[in-house]
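> Following this message is one structure expressed as structure tokens.
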Amino acid sequence: MPNLNQNQTFLDRIGIPANLAWGYFGVLIFMMGDGLELAWISPFLVDEGLSVQQAAFLTTSYGVTIAIAAWLSGVLVEAFGPRKTMTTGLVLYLIGHILFVGLAIPNLHYELMIPTYALRGFGYPLFAYAFLVWITYRTPQCQLGTAVGWFWFVFTGGLSVLGAYYSSWAIKAIGHIPTMWSAVLWVCVGAFFAIIVNRDKFELEAKNSADNKLKELVNGITILKREPKVAIAGIVRIINQASQYAFPLFLPIYLADQGIQTTVWLNIWGTIFISNIAFNLIFGYVGDKFGWRNTVMWFGAVGCGIFTLMMFYVPQVFTGNIFLIGLIGMLWGACLAGFVPLSALTPSLVGDGDKGAAMSILNLGAGLCVFVGPAFVALFYDLIGTQGLMWLLAGLYFAGAIMTMFLKLPEQEVEIEEKDRARSVV
């Protein structure tokens with residue numbers, strides 16, 4: 001792991017490891033290409049002739065492979081290194097995307113859409129999350145919170161901002177299908193910068209035998225028993241974004257009854273994630289200064305819990321007040337970024353040999369968010385309604401705050417034990 005010294009570059013001073021700068025840029029461009037269709041693929045396919053249920057199942061199949069690839073990303077880095085893992089993600093994305101756009105969509109061949117779009121889902125977790133593991137290995141611990149904050153900045157900025165803005169222009173200029181074809185160019189450009197132009201060296205203990213590589217994969221499961229704190233971190237990571245995937249399914253309906261039309265809600269939702277992107281950086285820096293665990297617990301979990309409830313009650317008190325409801329949403333999005341230091345905290349809970357496995361569990365939590373949020377809506381909406389769901393999601397955040405209390409770094413546990421021994425002597 002590199003050491004900070006007096007010859008820091010400007011990038012180092014703002015929290016981006018200079019040795020990985022091209023990798024960050026590559027992830028930004030890759031994610032722009034990967035996510036350019038996410039905001040419009042379902043309505044486009046419905047307009048082309050699919051049912052809403054078919055489009056939803058297609059997205060679900062995509063989410064399944066995202067979760068699997070997210071778990072695999074860390075252990076594959078341990079076994080094969082980040083460059084090979086990221087290249088694998090690129091290749092799987094290209095194969096799935098070319099088959100999906102070239103063969104499945106033109107003929108509305110639904111039986112082919114499912115496996116090809118699912119194959120495409122392996123791409124970005126293996127590419128982007130492998131780079132996140134690379135960051136955790138090659139960044140000094142005192143800078144790690146800010147470094148992962150920048151990762152989530154470029155990840156979300158590419159996926160949710162640049163991809164959406166580019167699509168809004170490209171669809172009008174060249175059409176839906178050519179826009180999807182252009183994704184091939186963007187992901188290849190991103191991969192070129194992150195894998196080839198990025199010259200940082202990543203060295204691990206040699207694991208050339210098949211048995212050793214298999215052990216690394218198994219380690220991605222057994223670490224849950226050996227390091228229970230990693231399992232807790234994985235659960236907190238699921239809680240982090242569960243509401244993000246639950247809200248769009250029922251909150252617009254509720255807000256429409258409170259005088260906020262769906263088109264206005266979409267603008268509020270977009271503003272929420274502009275706030276989120278900005279605070280990804282801020283809370284990365286805050287985490288390094290205030291403490292990773294404290295930042296996740298108070299700003300992330302408690303903050304999200306409070307503003308989740310406010311997003312239900314404020315529209316009732318201030319009916320139709322777009323500005324105030326938008327402000328509450330932005331504060332909720334900001335607190336959502338309060339979980340960013342979890343990506344620095346989790347690998348620091350274990351030794352160097354288990355960092356990849358720990359990140360695999362954290363990345364799995366990031367993938368499972370896609371299922372847990374909608375599952376809560378499907379299971380409980382008819383039983384407890386909007387108010388009950390908002391309290392359920394807020395309760396998850398408060399439970400996450402309690403769980404985060406147990407995520408103490410090894411040196412913190414040693415310090416606590418020494419204090420306990422000193423008290424017992426007295």
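The values are calculated or read from the model by the stated rules, or taken from the named source; none is laboratory data. Note that the structure is predicted; figures quoted are calculated from it, not measured. Quick reminder, even Gly has a Cβ in these numbers, built from the backbone with ideal geometry, and neighbours come from all protein chains shown. Please note that ligands, DNA and RNA were not included when accessible areas were found on the heavy atoms of the full protein model with its side chains. Shrake-Rupley method; radii C 1.70, N 1.55, O 1.52, S 1.80 Å.
> From the list Ile68, Ile105, Ile41, Ile95, pick out the single residue that is surrounded by fewer than 22 Cβ atoms within 10 Å (Cβ to Cβ) and in contact with a Gly (Cβ under 8 Å, 6 or more places away or on another chain).
On the way: Ile105 fails: in contact with a Gly (Cβ under 8 Å, 6 or more places away or on another chain); Ile41 fails: in contact with a Gly (Cβ under 8 Å, 6 or more places away or on another chain); Ile95 fails: in contact with a Gly (Cβ under 8 Å, 6 or more places away or on another chain).
The unique qualifying residue is Ile68.
> Sticking with this one: Determine, yes or no, whether Ile171 is surrounded by fewer than 20 Cβ atoms within 10 Å (Cβ to Cβ), modelled with pLDDT of 90 or more and either in a helix (DSSP H, G or I) or hydrophobic (A, V, I, L, M, F, W, C) (or both).
In short, no.
> If we scan the range 146-154, do we find a residue that is more than 18 Å from the chain's Cα centre (by Cα) and either at pLDDT 90 or above or among the aromatic types (Phe, Trp, Tyr) (or both)?
No, the range 146-154 contains no residue that is more than 18 Å from the chain's Cα centre (by Cα) and either at pLDDT 90 or above or among the aromatic types (Phe, Trp, Tyr) (or both).
> Only one of these is under 28 Å from Tyr62 (Cα atoms), small (Gly, Ala, Ser), assigned to a helix (DSSP H, G or I) and open to solvent by 60 Å² or more (accessible area, probe 1.4 Å): Ala394, Ala378. Name it.
Ala378
> Any residue at all in the range 158-165 that is farther than 30 Å from Asp354 by Cβ and surrounded by fewer than 16 Cβ atoms within 10 Å (Cβ to Cβ)?
Checked the range 158-165: at least one residue is farther than 30 Å from Asp354 by Cβ and surrounded by fewer than 16 Cβ atoms within 10 Å (Cβ to Cβ).
Residue by residue, here is whether (1) within 15 Å of the chain's Cα centre (by Cα); (2) of a type in the set (A, V, I, L, M, F, W, C) holds:
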residue: Val236; (1), (2): yes, yes
residue: Gln241; (1), (2): yes, no
residue: Phe247; (1), (2): no, yes
residue: Ala256; (1), (2): no, yes
residue: Gly329; (1), (2): no, no
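> Take the conditions touching a Leu at 6+ places or on another chain (Cβ under 8 Å) and either assigned to a loop (DSSP other than H, G, I, E, B) or crowded, with 23+ Cβ neighbours inside 10 Å (or both) and apply them to Leu336. Does it pass?
no
> Further question: Val350 is checked against (1) part of a helix (DSSP H, G or I); (2) of a type in the set (A, V, I, L, M); (3) open to solvent by 10 Å² or more (accessible area, probe 1.4 Å) and fails just one. What number does that condition carry?
Answer for Val350: the failing condition is (1).
> May I ask you to list the residues in the range 117-176 that are under 15 Å from Asn280 (Cβ atoms) and in contact with an Asp or Glu (Cβ under 8 Å, 6 or more places away or on another chain)?
Leu144, Gly145, Thr146, Gly158, Leu159
> I'm trying to understand the selection: among the residues of the range 241-266, which are touching a residue at least 24 places away in the same chain (Cβ under 8 Å), polar (S, T, N, Q) and either open to solvent by 10 Å² or more (accessible area, probe 1.4 Å) or not in a helix (DSSP H, G or I) (or both)?
Gln241, Gln244, Gln258
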